[in-house]
């Protein structure tokens with residue numbers, strides 16, 4: 001898809017996204033001491049988050065997971081932070097697993113904003 005955009009607007013939108021993520025503390029939820037649950041498992045599943053130019057929207061957030069439980073961090077937490085932020089038209093989010101060690105229940109997940 002061809003995407004035309006003003007370079008200054010793109011840089012400003014990308015900066016706003018990064019600020020929004022930091023301001024809302026969208027980060028891994030730390031392991032709870034001695035407890036295993038969806039929060040600690042899904043947080044441990046996130047290997048890397050990269051913000052780049054998007055394919056269908058100006059900005060892409062790519063989440064690399066080592067386990068499909070990381071989808072909770074993407075669908076449950078990141079989605080809630082982005083919804084209503086005003087950034088929805090500018091951001092595409094994908095999450096994927098790049099390992100053969102886990103049976104892939106979900107090979108690629110795209111967040112519907």
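Being in contact with a strand residue (DSSP E or B) (Cβ under 7 Å, 6 or more places away or on another chain), buried (at least 17 other Cβ atoms within 10 Å of the Cβ), over 17 Å from residue 109 (Cβ atoms) and modelled with pLDDT of 90 or more is a condition met by at least one residue of region 36-59.
Among the residues making up region 45-83, those that are touching a helix residue (DSSP H, G or I) at 6+ places or on another chain (Cβ under 6 Å), under 19 Å from residue 100 (Cα atoms) and not in a loop (DSSP other than H, G, I, E, B) are 45, 46, 63, 65, 69, 70.
The values are calculated or read from the model by the stated rules, or taken from the named source; none is laboratory data. Because the structure is a prediction, the values reported are computed rather than measured. Cβ coordinates were reconstructed from backbone atoms using ideal geometry, including for glycine residues, and neighbour counts include every protein chain displayed.
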